[in-house]
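Scroll down for the structure; my scribbles are underneath it.
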Amino acid sequence: MIRRVAMLAASLALAVSSYGRVNIPPWVREAIPATIPAEKDADAIVLLDDTVVSVQPNRSLVMRFRRVVKILNNDGRGYGVAQAWIDHDTTLRTMHAWSIDANGGEYEVRERDAIETTPTDFELYTDARLKVLTIPASNPGSIVAYEIVLTDFPYLPQVQWQFQEDAPVLVARFDLQMPVGWTYQTHWMNHEPVEPSGTTWTLRSIPSLTDEPRRPSAAAIAGRIGFQLLAPGAKALTWSDIGKWFSGLATPRATPTPQLQA
């Protein structure tokens, strides 16, 4: 076991040092406040969660995710991992991560250091894959950060942004960029609406979700906002529209044919 740990540490050190000088991006350093507030019972604190969604003329989405986290204890080491889900509709463009340990040491890893695996263990076949990038020096007192850029072609022109999570968040930001003539509608869930600056929403000092036995999933109780993206001339979908669409598919198939009636 000791030999295995030593070999893993050596290979990780080689991977990190092979890039030469580490270049921590300015946005990572800018996200680190002079004084990080104390958070009782928190395993980590998210210093920055920054999402940019750019709608393309062909209706695909280019999504950039940036994240900076301070790890507070051993239970928070799970935040030292960057993950990207990809499938036939979603492709990974870039994946990059950095860390600054408690002593000021700086580290850097890239997509070529990631492993690719299946995201499920219960499906017979799926084309979904998971890219996992382990960030070095993800220990208590360390700052970890990553940037992921994806291209997605969603089935419906909709986007959801969840800004509340199990860890407190200092700054959460969402920027929506659209071609000329496009509009959007928003739907807030578990949070009072916040007015944007242009098409950028910024929230600060977001409390963590309460941890309690048999709690619903974070997706059900976390603060989030849904965006419906509307191309020129398009109208927003309603539940009535969805019901009519489904009825048009289901009703003819449920009508007995003359042969069946006979």
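Values computed for the structure shown
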read-out	value
Square roots of five times the Cα gyration tensor eigenvalues for the chain, Å	39, 24, 20
GluC sites (Glu not before Pro) within the range 50-135: DSSP coil, no more than 16 neighbouring Cβ in 10 Å	123
12 Å reach of a label modelled at residue 39, 7 Å along Cα-to-Cβ, counting backbone N of the range 76-108	76-77, 79
Accessible-area composition of the chain, carbon plus sulfur, in percent [1.4 Å probe]	54 percent
Extension reserve of the residue 74-residue 132 stretch, reckoned as 0.36 nm per residue once the Cα distance is removed	18.9 nm
In the range 182-262, trypsin sites (Lys or Arg not before Pro) in a DSSP loop with at most 11 other beta-carbon atoms within 10 Å	214, 235
Whole-number D in µm² s⁻¹ for the range 122-262, Kirkwood Cα-pair radius fed into Stokes-Einstein, 10 °C, 1.306 mPa s	80 µm²/s
Under 20 Å from the residue 27 label point (7 Å along Cα→beta-carbon), backbone N, the range 93-109	93-100, 107-109
Residue-averaged [θ]222 nm for the chain, counting only DSSP H segments that reach four residues, each worth -39500 (n - 2.57)	-5000 deg cm²/dmol
Solvent-accessible area per residue, Å², over the range 129-219 with all protein chains present [probe radius 1.4 Å]	54 Å²
Inter-label distance, nm, simple model (7 Å from Cα along the C-beta direction), residue 91/residue 249	2.7 nm
Segment residue 62-residue 231, length gained on full extension (0.36 nm per residue, minus Cα span)	59.2 nm
Sparsely packed chymotrypsin sites (Phe, Trp or Tyr not before Pro) within the range 52-134, loop by DSSP, other Cβ within 10 Å at most 15	122, 125
FRET efficiency estimate (nearest 0.05) - Cβ-Cβ, residue 240 to residue 54, R0 41 angstrom	0.85
Shape parameters for the range 102-190, alpha-carbon atoms, Rg then Dmax in Å	17.9, 50
Taking the chain and dividing mean pair separation by its residue count, relative contact order in percent (alpha carbons under 8 Å, at least six apart)	20 percent
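The values are calculated or read from the model by the stated rules, or taken from the named source; none is laboratory data. Quick caveat: nothing in here was measured; it's all calculated off a predicted structure. Backbone-built Cβ (ideal geometry, glycine too); neighbour counts: all protein chains shown. The accessibility values were calculated without ligands, DNA or RNA, using every heavy atom of the protein model including side chains. Shrake-Rupley method; radii C 1.70, N 1.55, O 1.52, S 1.80 Å.
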